[in-house]
Structures are given as C-alpha cells and as structure tokens.
Amino acid sequence: MPRFFVSPESVNGDTITVTEGDYNHIRNVLRMHIGESITVCDGQGADYRCEIAEYTDGSCLLAIKERIPSTVELAIEITLYQGLPKKDKMELIIQKAVELGAARIMPVLCERTIVKLEDPKKEQRKMERLRAISESAAKQSGRGILPEIADPKKFADAIKDAKDRGCVILVPYENALGMKATAEAFSEGMKAEKIAVFIGPEGGFSREEIAVAEQNGARIISLGRRILRTETAGIAVLSALMLMAEENSELQE
C-alpha cells in the first residue's frame, strides 16, 4: 500500500489533505482512484489508513478509516553526527541511517573535513535535497517518524548539542580501547533514552577533537581491527545499536 508523510496540521478530524508533490504523485504518477486505500503518517509516530475521497485543484482529500500508533520505531533515540564527507557520500549515509532507525542526523564540520561550505543559497539547496532523501528513505522503510536532518555545526558545537540533549556519546576512534570497552559502551547506551554517534570525516578525528569529546563525557570506542571508511563506520554502529535495541524491546514484551 502506498505510504506518504504529511504534517500534523494536515490532519483535520476525520480527513487529511495532501498537497503539492505528494498530490501530484498520488494522482498523476500512481494514478490512484477515488476509494483506493493509502497509508499516511504524520511524522510523529501515528499512521492513518485512509481512502481517497476527493480530488480538487492541487489537493487530495483523504478519509481516515483507522489511526494506528506506529510500532516500528526504536525505543531509544539515536542521533548520527556525521563528519561531512566528500561528494555525494552524505546522501548514501542519510539513506542508510534512516533505514537503520536514526531519529536525527547532523552533518559536522571537523578539523579534517575536506568539504568547504559554499554560498548560503547553494548550501540551502543541498540541505533540501538531503531532507528529501531522508523522507524517501523513511517512506521506503516504513518509518513512523520523519527523521530530522539538522543544519551543520562545527565539531565542538555538535558535541555540546549532544551533551545538552542528554545523550550517551559514542565516538569511534582508531586508537581506542578494545571491543570489550565498546560492548560496555553500547550496553550503557541501551539503558539511556538517547544515544549520539559521532563519525569522523575521511581523515578521521584529530587528537584535539577526541580530547574535547572526552572532556564532555564521550565514550571513545573501537570498531575492530580494520579501518572503516566514513560512509561505512556509521552504518556499522547503527546496525549494532538497532539490533540491540530490537532485542531489548522483544525481551520486554
């Protein structure tokens, strides 16, 4: 069944109004007819099973048949703080992070970041594209929320952001302790409500950045004896945390 995201303001009593790009996709791409079923999510954890009730000029009116609380979200909120990579790697990272359950993703400017931010208008267009990729991945994977793609921050500001949000902060680093310490850090994260995962850019984190992270209570962890690319490391950590969170949820049912 086709799935779309709408803003909570689009839900009005027993109806939902869909406009703009999704309206065009429903009517002109999928060519759906009056009476056909469609699933809509409000991006805040509620799914609505609907039927198409009416097409008007530029909008589609849906009749709500059932409201269903989403059951697909992880019990913990994971934010991926991704050192800004080169070229289009960020698009792949966002797509996979959303599929793996991340609730929030923030690009981070590190000392060894190669990419330089350009003029504000161009950067705004890039952020709009990243948010569109997040929405597409959320639809494909059946997410109950629309993950946030936050504006980029410098490393020190990103660490402060994670600390202020009350996250258990995990920072993979090539000179970290062994896997036992990593397992302990993951287990500690499972007991928290929020986890922050920091991944360095292509050149990794500097020693100064690691020192800043430690001063703010971060757990510096290892991901094993192999060196992972920046686009691989975040996926590896999120995969492990997702599986642990899913297992914990099953044990508590």
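Worth pointing out:
- Residues located in region 214-237, provided they are of a type in the set (A, V, I, L, M, F, W, C) and under 17 Å from Thr113 (Cα atoms): Leu228, Ala233
- Meets criteria (of a type outside the set (Val, Ile, Thr), touching a residue at least 60 places away in the same chain (Cβ under 8 Å) and within 21 Å of Ala236 (Cα to Cα)) for Ala103: no
- Taken over region 177-209, residues that are closer than 21 Å to Ile93 by Cβ and either without any contact (Cβ under 8 Å) to a residue 24 or more places away in the chain or surrounded by 15 or more Cβ atoms within 10 Å (Cβ to Cβ) (or both) amount to 15.
- Sole residue being of a type in the set (A, V, I, L, M, F, W, C) and touching a Ser or Thr at 6+ places or on another chain (Cβ under 7 Å), chosen from Val18, Val40, Val6: Val18
Quick grid of which residues meet (1) modelled with pLDDT under 90; (2) in a strand (DSSP E or B); (3) of a type in the set (Asp, Glu); (4) not assigned by TED's automatic domain parsing to the domain that holds Glu148:
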site: Glu9; (1), (2), (3), (4): yes, no, yes, yes
site: Thr17; (1), (2), (3), (4): no, yes, no, yes
site: Arg31; (1), (2), (3), (4): no, no, no, yes
site: Arg49; (1), (2), (3), (4): no, yes, no, yes
site: Ala63; (1), (2), (3), (4): no, yes, no, yes
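- Filter result for the condition that a residue is loosely packed, with under 15 Cβ neighbours inside 10 Å and at negative phi, over Gln44, Gln95: Gln44
- Gly35 under 18 Å from Arg143 (Cα atoms) and outside the structural domain of Leu146 (by TED's automatic domain parsing): no
- Residues of region 1-28 that are farther than 28 Å from Gly101 by Cα and among the β-branched types (Val, Ile, Thr): Thr15 alone.
- Listed by position, the helices (runs of 4 or more DSSP H) contained in region 151-253 that have at least 1 residues being among the charged types (D, E, K, R) and farther than 30 Å from Pro120 by Cα are 179-190, 207-215, 230-252.
- Among the residues listed as Pro172, Pro152, Pro147, the single one being on the phi < 0 side of the Ramachandran plot and in contact with a Pro (Cβ under 8 Å, 6 or more places away or on another chain): Pro152
- Any hit, region 115-136, residues being of a type in the set (Gly, Ala, Ser) and in a loop (DSSP other than H, G, I, E, B): no
- Every pair of residues 6+ apart whose Cβ atoms lie under 8 Å, when the first sits in region 212-224 and is on the phi > 0 side of the Ramachandran plot while the second is at pLDDT 95 or above: Gly217/Lys163; Gly217/Ile169
The values are calculated or read from the model by the stated rules, or taken from the named source; none is laboratory data. Since we're looking at a predicted model, the values are computed, not measured. Reconstructed Cβ throughout: ideal geometry from the backbone, glycine too, with neighbour counts over all protein chains shown.
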